[in-house]
Amino acid sequence: MANHHQRSSDAANFRRGNAAPGIGEARVIPFDYAAQFPITGSPGAVQQDVINISPEATFVALGISYGFEQERGRSIGAFLPSGGAPFLPGDLTLGQIPLDVLAEGFRVHSMYLPIVFETKSGVEGVVVTENFSKNQITADFLNQTPVFERVQARVDIEFLFSMVDTATGREFQDQPTNNIASLGSSDGRRPFRMFPRPVHFLPRSTIRLQVVERSDDVVGTIFIVLFGYKLVGTSACQEAEQAHFANMDMSQAMPAGRVIPFDYVTRFQLQGREMNRIDDEIAVNTEGGYYATSIGYGLQVEGGDVPFVAPASGTVDLAAVTLKNLPASALRDGFRIKPGFMRLAVDATGNLNPLLPVSLVHHLFETLNRAEDVSFRYSIFDSGTGRELQNEPIQNIAGLGIANGDRPFKKLARPLHLEPRSTLRVSIEERFGRGELFIVLQGYKLLMGAASAGRPS
């Protein structure tokens, strides 16, 4: 009972802006530390990375998550007979593209869009249009230059990993463990793994992580994320004092007064250009401030079917269909034959169907630009305090979970308090996918009069 009253008193102090006993001027900030590992597709290869805890604050880890940023573009290789007369990019036919590539995924490499499509000058520089280029190319050029590429299907990666706190020399497992056994599916369709008890890492300490590859022919980057919060201003505190603060009943530290649930929304127009960076800002209202408790996201995309330019009736010879008969968006995003339609797309000889009914043409192919496949890196900066909320940009699945919403929302380890008139900047670095991306801070705002009840510092 005494401990309960002590925690209640400490929470009240926290609510009024005072520090917990022995903590000095401690400030609690939700924070993620990420490590990344390049994956080469060579089983047995060992990759390592180190997380360096900043000197300004103790870090309390509440859980761990991960995600795989797959490099899905692959070279087709030489796929056209050498020689021959030059031709326009839009005159390439589906029959000239290997059937296995059409079945898995085919697109224009983002670096070579200006070769396939016309460009024009815009406010942001050269802009790629949806009109096909009138500059001719040769078969030898396409065989030597990856203008077009295969789009590999998304895979579930497997690896072994281990983690060591170098400050104490303690390992967090008795032997390297399998990612699915310890962390769950790599597609993010699971809750984040929570630790049984919070783990404290002192300022200037390091965490060494090691990954042993197990998947063949898969290339990309693995992100492993420790999520929790920083105790800013506790560099001189003892571990017992930090544990006292970490285990405090934070539900009693919520501000008193009238509050309403409220979402702040950021929106980004993803253009499908890898490495393209976009920023958006949240401007907190002038009332009583805002507390963010969780974060979610989703991508809004266009329809999934790929329409053709085809006659109104009769049949279509698929092998003779040219790229200019397809929408430019399908070539930029990538498209493939729908898995359930292969028997209609291919005849008995193993070639593309020369007599496909027109009624089926518009339903035969699907775009690879799907909401669940979006990939990006994000970072969040609190301009009110001048602090980042992560040590480096984090891959979306590693930090937020699967993109189709089939997971709990990412709950912040501690509510993030944003002062009135402050701003929060969210930055996105595109990797895969195109459409309108929504990233939403979920929480509550204080109404006028509630703010005087006290703000955490």
>> Give me the percent of accessible area attributable to carbon and sulfur for the chain, probe 1.4 angstrom.
In response: 50 percent
> Sequence-distant or interchain residues sharing an amide H contact under 5 Å with T129, placed H: which?
Replying inline: E118, T119, K120
> Lys/Arg Cβ at +1, Asp/Glu Cβ at -1, dipole of the chain taken about the Cα centre: which of P357, G386, Q36 is farthest positive-ward?
Replying inline: G386
>> Going through the cross-link list K120/K338; K134/K338; K120/K324, which pairs have a Cα-Cα distance over 29 Å in this structure?
In response: K120/K338; K134/K338
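List the GluC sites (Glu not before Pro) within segment 74-150 that DSSP assigns to loop and that have no more than 13 neighbouring Cβ atoms inside 10 Å. Don't skip to the answer; put the middle values down first.
Numbers: sites: E104, E118, E124, E130, E149; in loops: E124.
Taking segment 74-150 and a limit of 13 other Cβ atoms within 10 Å, the loop GluC sites (Glu not before Pro) found are E124.
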>> Please list, by residue number, every one of the trypsin sites (Lys or Arg not before Pro) in segment 94-186 that is coil in DSSP and has at most 14 other beta-carbon atoms within 10 Å.
In response: K134
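Leaving out ligands and nucleic acids, note down the accessible area per residue over segment 42-120 with a 1.4 angstrom probe, in whole Å². Please report the intermediate quantities before stating the final value.
Working: 3090 Å² over 79 residues.
Roughly 39 Å² per residue, with all protein chains present.
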> On average, how much accessible surface per residue is there in segment 249-354, in Å², for a 1.4 Å probe, leaving out ligands, DNA and RNA?
Replying inline: 50 Å²
> How high is the FRET efficiency from A283 to Y112, r the C-beta distance, R0 56 Å, rounded to 0.05?
Replying inline: 0.90
> Given the C-alpha centroids of segment 276-323 and segment 115-177, what is the distance between them in whole angstrom?
Replying inline: 19 Å
> Check S54: other-chain or 5+ apart residues with amide H under 5 Å from its amide H, H built from backbone geometry?
Replying inline: R204
> Which order do peptides 30-40, 317-327 fall in by mean Cβ count within 10 Å, highest first?
Replying inline: 30-40, 317-327
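According to the Kirkwood expression over distinct Cα-Cα pairs, how big is the hydrodynamic radius of the chain, in Å?
Taking the inverse mean of 1/r over all distinct Cα pairs, the chain comes out at 24.9 Å.
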>> Under 25 °C and 0.890 mPa s, how fast does segment 262-337 diffuse according to Stokes-Einstein, given a Kirkwood radius computed over C-alpha pairs? Answer in µm²/s, whole number.
In response: 142 µm²/s
>> List the lysines whose Cα sits under 21 Å from the Cα of K445, skipping any in the same chain fewer than 8 residues away.
In response: K410, K411
> Put a dot 7 Å past each Cα toward the Cβ at N178 and T349; how far apart are the dots in nm?
Replying inline: 4.7 nm
> Residue by residue, what Karplus-based ³J(HN,Hα) values in Hz, rounded to whole numbers, does segment 373-384 have, using 6.51, -1.76 and 1.60 with θ = phi - 60° and x for Gly and Pro?
Replying inline: 9, 4, 9, 7, 10, 9, 9, 10, 10, 8, 6, x
> What is the dipole size for segment 344-457, taken about its Cα centre, with +1 at each Lys and Arg Cβ and -1 at each Asp and Glu Cβ, in debye to the nearest 20?
Replying inline: 700 debye
>> Under 4 °C and 1.567 mPa s, how fast does segment 72-172 diffuse according to Stokes-Einstein, given a Kirkwood radius computed over C-alpha pairs? Answer in µm²/s, whole number.
In response: 78 µm²/s
>> I need the phi-derived Karplus couplings for segment 148-154: 6.51 cos²θ - 1.76 cosθ + 1.60, θ = phi - 60°, integer Hz, Gly and Pro marked x.
In response: 10, 9, 7, 10, 5, 5, 5
> Between D140 and E56, 0.36 nm times their residue separation minus their Cα-Cα distance comes to what?
Replying inline: 24.5 nm
> Roughly how much of M194 is accessible, in Å² to the nearest 10, using a 1.4 Å probe?
Replying inline: 110 Å²
> Under the Karplus relation 6.51 cos²θ - 1.76 cosθ + 1.60, θ = phi - 60°, what is the ordered set of whole-Hz ³J(HN,Hα) values for segment 361-368, x standing for Gly and Pro?
Replying inline: 4, 6, 10, 7, 10, 10, 6, 8
> Helix 2-15: angle to the longest alpha-carbon principal axis of the chain, degrees 0 to 90, nearest 10?
Replying inline: 70 degrees
> Suppose every K and R has +1 on its Cβ and every D and E has -1 on its Cβ; what is the size of the dipole of the chain about the Cα centre, in Debye to the nearest 20?
Replying inline: 1080 debye
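The values are calculated or read from the model by the stated rules, or taken from the named source; none is laboratory data. Worth saying up front: this structure is predicted, and the values here are computed from it rather than measured. Backbone-built Cβ (ideal geometry, glycine too); neighbour counts: all protein chains shown. All accessible areas refer to the heavy atoms of the entire protein, side chains included, with ligands and DNA or RNA removed. Shrake-Rupley method; radii C 1.70, N 1.55, O 1.52, S 1.80 Å.
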